[in-house]
Amino acid sequence: MFCPECGAPAVDGLTCWDQLGYLLAWEVQDAELAAIHFLTVSSYNLQHPANITDTAIEWLRAAYIDHLDGVLPLAEVQLRMGKRFAGAQRVLKPKGERGAVLRLWPMTIADVYAGGNSSGAAHRVREWAASIRGQQ
Ligand SMILES: [Zn+2]
């Protein structure tokens, strides 16, 4: 089984979404990982845009790039995104317009999840983000 959007393989029966759930759960015990929560979630969303409006993805990508390039501190990312996305209605596509389009990436959530290895996860999230940044 491969993800119809990012092409990642299912790992031990876990989909991309399930693997993201593990990453977020690890944040509780890993302050370094918790500190880059924005990168984890945004990297996932940028590789899984099917349910998200084109406008929301464009804004997210712009904030993500500015943050990675060091010109937008995290507090300002949150402020910027919070103002623009007051309510999920503006972020999610209407159900009839949702559809996965496969795009292949150098790294996916499966590389970050690494078979359930929480050690070094923050480092792998940064590599993942850098690889996505390089694809823009
Ligand atoms: Zn995927």
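Got at least one residue in the stretch 32-41 being more than 12 Å from the chain's Cα centre (by Cα), within 20 Å of A130 (Cβ to Cβ), buried (at least 18 other Cβ atoms within 10 Å of the Cβ) and touching a residue at least 60 places away in the same chain (Cβ under 8 Å)?
First, the residues of the stretch 32-41 that are more than 12 Å from the chain's Cα centre (by Cα): 32-35.
This time we only want the ones that are within 20 Å of A130 (Cβ to Cβ), so: 32-35.
Those left that are additionally buried (at least 18 other Cβ atoms within 10 Å of the Cβ): 33.
In the following step, the residues that additionally are touching a residue at least 60 places away in the same chain (Cβ under 8 Å) were identified as 33.
Yes, the stretch 32-41 has at least one match.
Which residues, taken from the stretch 24-42, are aliphatic (A, V, I, L, M) and part of a helix (DSSP H, G or I)?
Within the stretch 24-42, L24, A25, A31, L33, A34, A35, L39, V41 qualify.
Is the stretch 45-60 home to any residue that is assigned to a helix (DSSP H, G or I), modelled with pLDDT of 95 or more and out of contact with any Asp or Glu (no Cβ under 8 Å at 6 or more places or on another chain)?
Step one: of the stretch 45-60, the residues assigned to a helix (DSSP H, G or I) are 45-47, 54-60.
Remaining after also requiring modelled with pLDDT of 95 or more: 45-47.
In the following step, the residues that additionally are out of contact with any Asp or Glu (no Cβ under 8 Å at 6 or more places or on another chain) were identified as 45-46.
Checking the stretch 45-60: at least one residue is assigned to a helix (DSSP H, G or I), modelled with pLDDT of 95 or more and out of contact with any Asp or Glu (no Cβ under 8 Å at 6 or more places or on another chain).
Hey, can you tell me all the residues within the stretch 19-49 that are in contact with a strand residue (DSSP E or B) (Cβ under 9 Å, 6 or more places away or on another chain) and of a type in the set (G, A, S)?
G21
Going by what's in this entry, would E32 be described as at pLDDT 95 or above and of a type outside the set (S, T, Y)? Outline the logic, then answer.
Values: at pLDDT 95 or above: yes; of a type outside the set (S, T, Y): yes.
Answer is yes for this residue.
For a quick check of your reading of the model, give me the residue pairs whose first member lies in the stretch 62-76 and is over 16 Å from E127 (Cβ atoms), whose second is of a type in the set (D, E), with beta-carbon atoms closer than 6 Å and at least 6 apart or on different chains.
Filtered contacts from the stretch 62-76: L72/D66.
For residues that are without any contact (Cβ under 8 Å) to a residue 60 or more places away in the chain and either closer than 22 Å to N51 by Cα or within 16 Å of the ligand (Cβ to nearest atom) (or both), tally how many sit in the stretch 112-129.
2
Among the residues of the stretch 6-31, what is the count of those that are without any contact (Cβ under 8 Å) to a residue 24 or more places away in the chain, away from the ligand (no atom under 15 Å from the Cβ) and exposed (fewer than 13 other Cβ atoms within 10 Å of the Cβ)?
Of the residues in the stretch 6-31, 3 are without any contact (Cβ under 8 Å) to a residue 24 or more places away in the chain, away from the ligand (no atom under 15 Å from the Cβ) and exposed (fewer than 13 other Cβ atoms within 10 Å of the Cβ).
The values are calculated or read from the model by the stated rules, or taken from the named source; none is laboratory data. On a predicted model such as this, the values are computed, not experimentally measured, just so you know. Cβ atoms come from the backbone with ideal geometry, glycine included; neighbour counts cover every protein chain shown.
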